[in-house]
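Notes follow once the structure below has been shown.
The values are calculated or read from the model by the stated rules, or taken from the named source; none is laboratory data. Everything quoted here is computed from the prediction, not taken from an experiment. We place every Cβ from the backbone using ideal geometry, glycine too, and count neighbours over all the protein chains shown. Side chains are part of the model used for accessible areas, which takes the heavy atoms of the whole protein and leaves out ligands, DNA and RNA. Shrake-Rupley method; radii C 1.70, N 1.55, O 1.52, S 1.80 Å.
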Amino acid sequence: MKSKEERADIDLLSAALKGIRRDRRMRSSEVARAMGMPLRSYEHFESGRGRFTFDRLVRFAEVTNSDALAIIAVLALKSPEFALRCADNKLMTIFMIAMSELNEELGDDITFLEPGILIGAFTRVAKDLSEHIAKRDLFAETWLKERSSKIQGARPLEDGRLRRRPAD
């Protein structure tokens, strides 16, 4: 019998896998075949009734062209949507590659990185990424507004029309 916490984690992973597969417009049978699994075994895996292993999650990510490390991060973040949001840009894989390079460069000296320094560094990176998205959206809106008059029948877009959707 699984504990409440284990069941909650399984449900999070299952929701992430289903969300990615559906976003990729793949049928369970397609993913199962590509993973080299019988359909029933894949269905158990995706629903959380089968075993979640790192190798299976990596294989699923390869087959669906998603980010295995973002799928795992779903557990820490309690957000199955995170895996889907990172499926295309591979955010967690890129982050872990950067951490691997830092580990190689600093080795044991990583222990000298103080928590305050790490918090400041990662907070700055998160803020820079958020600002990048805001500027990108503003650039596209401004560009379209300025140039739409060049096309007969086109009219400027309403403010905010291109802005990204708010997070659910």
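Some observations on this one:
- Each residue in region 98-131 was checked for being among the β-branched types (Val, Ile, Thr) and open to solvent by 90 Å² or more (accessible area, probe 1.4 Å), and 3 pass.
- Qualifying residue in region 84-97 (condition: in contact (Cβ under 8 Å) with a residue 60 or more places away in the chain, within 30 Å of PHE45 (Cα to Cα) and open to solvent by 60 Å² or more (accessible area, probe 1.4 Å)): yes
- Some residue of region 71-78 being touching a residue at least 60 places away in the same chain (Cβ under 8 Å), out of contact with any Pro (no Cβ under 7 Å at 6 or more places or on another chain), assigned to a helix (DSSP H, G or I) and open to solvent by 50 Å² or more (accessible area, probe 1.4 Å): yes
- Beta carbons closer than 7 Å, at least 6 apart along the sequence or on distinct chains, pair a first residue in region 46-62 that is under 15 Å from ALA83 (Cα atoms) with a second that is of a type in the set (Ser, Thr, Tyr) and open to solvent by less than 50 Å² (accessible area, probe 1.4 Å) for GLU46/SER14; GLU46/SER28.
- The set of residues in region 1-40 being surrounded by 16 or more Cβ atoms within 10 Å (Cβ to Cβ), small (Gly, Ala, Ser) and more than 15 Å from SER66 (Cα to Cα) consists of SER28, ALA32.
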